[in-house]
Each structure stands twice: as structure tokens, then as C-alpha cells.
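What follows is calculated from the coordinates using simple rules that are stated; it is not laboratory data. These numbers come from a predicted model, not from an experiment. Note that we place each Cβ from the backbone using ideal geometry, even for glycine, and neighbour counts take in every protein chain shown.
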Amino acid sequence: MILLGRYLSPYTRRVAVSLKLLDMPFEHRPITAWHNLDEVRQYNPAGRIPALVLDDGEVIFDSSAILDHLDHVAGPGRALLPFDEPQRRADLRVLAVALGAMDKAAAARYELVMRPPETLHKPWLDHNLGQVRSGLVWLDAHFAGAPGGEAPDQTVITTVVLYDFLATVMPDHLELGAYAALAALSRRWNRMGAFAETHPDTATK
Ligand SMILES: N[C@@H](CCC(=O)N[C@@H](CS)C(=O)NCC(=O)O)C(=O)O
């Protein structure tokens with residue numbers, strides 16, 4: 001399998017961490033929509049990463065669709081998102097908050113890095129950062145009450161990846177130290193190879 005996308009992308013990193021935790025070998029190609037748009041479009045018509053090329057050449061894109069496939073290959077005993085209710089919908093709720101915050105963080109970052117500084121629209125930036133913050137407050141309370149077991153599941157993977165992304169690309173715009181449970185979650189799991197090897201700070205790509 002080939003995973004397309006840089007680990008600086010939290011969507012790509014959640015797939016990379018999941019592949020490693022599931023012991024599924026893959027080749028990593030750190031291409032981006034900014035530098036390699038024509039190539040990215042050959043895999044995903046929406047021109048976005050991540051995309052995963054399966055061994056038979058089929059391409060899956062959008063991180064959640066990729067992870068759904070990996071869980072089905074892994075089977076109910078090893079899947080990172082439970083197959084059964086009510087745990088599945090409880091975990092999907094956590095993922096909705098984490099991915100919502102991720103989407104809003106990406107929107108805020110684009111506002112900061114894509115525009116000439118004099119055209120930055122502060123109300124829109126603040127709107128997005130406000131939604132990231134309310135997501136972080138909810139996630140922090142969730143993980144303070146449920147710090148997790150011996151192995152990370154998809155709620156932990158995606159939340160750690162979100163937190164690390166924010167700490168890497170916009171530490172000055174968010175008060176990340178205020179989220180003690182999330183900081184502890186990130187510290188705890190970044191000691192594990194799957195997270196450490198893909199960390200956006202230390203990963204070369
Ligand atoms: N919902 C998608 C989001 C993917 C996404 O936003 N990828 C970004 C990189 S972090 C991208 O390729 N952006 C390029 C663009 O939108 O032009 C997923 O979960 O995979």
C-alpha cells in the first residue's frame with residue numbers, strides 16, 4: 001500500500017498512525033496539493049490528501065473512508081473504531097468533535113498562511129479559532145473522565161493528532177496548556193513508535 005500525504009497533515013497522520021498500529025506495512029509518499037496538485041488529482045479528483053493506494057491499484061481517499069476500510073480488513077477484534085453499538089456511536093461522537101476542530105483549525109491556518117497579511121479577515125479567523133477552542137474544551141473534559149486503556153483507539157489517535165497539529169502550526173493562537181487532559185494524552189502516546197515516527201515536529205516529511 002502507498003500512503004500519499006505529509007504527516008504535517010493531521011488527516012494523513014491519523015491514517016499513518018492507524019496503519020502502524022494495525023501492523024499494516026505501507027510506503028509513504030509525502031506529496032501535497034500545494035506542490036504536487038496534478039499528481040494528487042490523479043489519485044483523488046478533489047485534489048486533496050490523504051489517499052491510500054491499495055496493492056491492487058484501487059485508491060481510497062478521505063481519511064475516514066480509508067480508516068473504515070482498514071478497520072474492516074483488521075476485523076472486529078482489532079478494529080480501532082468499535083463495530084458494535086452503543087460504543088460505536090459514542091466514539092463517532094468524539095471523532096465528530098475532533099474532526100470538526102481539525103477542519104476549523106485548517107480553515108484558521110489557511111486564513112493565516114494563504115492570504116497576503118493585509119487581507120487577513122480577523123473576524124473569520126476568530127470565528128474558526130473559537131470553534132477549535134470549544135471542541136478542545138469538550139475533548140479535554142471527555143478525556144479527563146476517560147483517559148483510555150492500554151492501547152490507543154481511533155478517538156485517541158485522532159485527538160492526539162489534532163493536538164499535535166495545533167501545537168506545531170498555531171501554538172501562539174491557542175492556549176494549549178489549558179487543556180491538561182489533552183496535553184497528557186499527547187505526551188503519553190507520543191512515547192509510542194507509531195506516534196513518534198509520524199510526529200509533525202520530528203518527522204522529516
Ligand atoms: N476530510 C478530508 C480532509 C483532507 C484535507 O483537508 N486535506 C488537506 C491537507 S491537511 C488538503 O489536501 N488540502 C488541500 C486543499 O484543500 O487544497 C479527510 O479527512 O481526508
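Annotation for region 88-158: GluC sites (Glu not before Pro) lying in DSSP loop with at most 10 further Cβ atoms inside 10 Å of their Cβ are Glu150.
Mean residue ellipticity, 222 nm, helices only, the chain: the sum of -39500 (n - 2.57) across DSSP H runs of n ≥ 4, divided by residue count and rounded to 500, is -17500 deg cm²/dmol. Computing FRET efficiency as 1/(1 + (r/R0)^6) for Glu27 and Glu118, where r is the C-beta to C-beta distance and R0 is 41 Å, gives about 0.45. Restricting region 105-141 to chymotrypsin sites (Phe, Trp or Tyr not before Pro) that sit in a DSSP loop and have at most 10 other Cβ atoms within 10 Å of their own Cβ leaves nothing. The shape of region 95-138 can be summarised by an equivalent ellipsoid whose semi-axes, obtained from the alpha carbon gyration tensor, come to 22, 10, 5 Å from longest to shortest. In this entry, region 147-199 is assigned a mean projected area of 3.5 nm², taken as a quarter of its C-alpha convex hull surface. Each label point was placed 7 Å from the Cα along the Cα-to-Cβ direction; for Glu175 and His35 their separation is 3.7 nm.
Multiplying the residue separation of Gln87 and Glu58 by 0.36 nm and removing their Cα-Cα distance gives an extension gain of 7.4 nm.
Local charge for Leu136 was computed over the other residues whose Cβ lies under 12 Å away, with Lys and Arg +1 and Asp and Glu -1, and equals 0.
Taking trypsin sites (Lys or Arg not before Pro) across region 1-96, the ones in a DSSP loop with at most 16 further Cβ atoms lying within 10 angstrom of their Cβ are Arg78.
Answer with one residue from Ala90, Trp138, Phe61: the one whose Cα lies farthest towards the positive end of the charge dipole of region 54-139, charges on Cβ with Lys, Arg +1 and Asp, Glu -1. Positive-most Cα among the choices belongs to Trp138. Between the alpha-carbon centres of region 76-102 and region 149-182 there is a gap of 17 Å. Tell me, rounded to the nearest percent, the portion of alpha carbon pairs in region 1-153 spaced more than 23 Å apart. Value for region 1-153 (Cα pairs over 23 Å): 46 percent. Beta bridges from DSSP with both residues in region 2-80: antiparallel share about 65 percent, rounded to the nearest 5. Based on DSSP, what percent of beta bridges with both residues in the chain are antiparallel, to the nearest 5? The answer is about 65 percent antiparallel.
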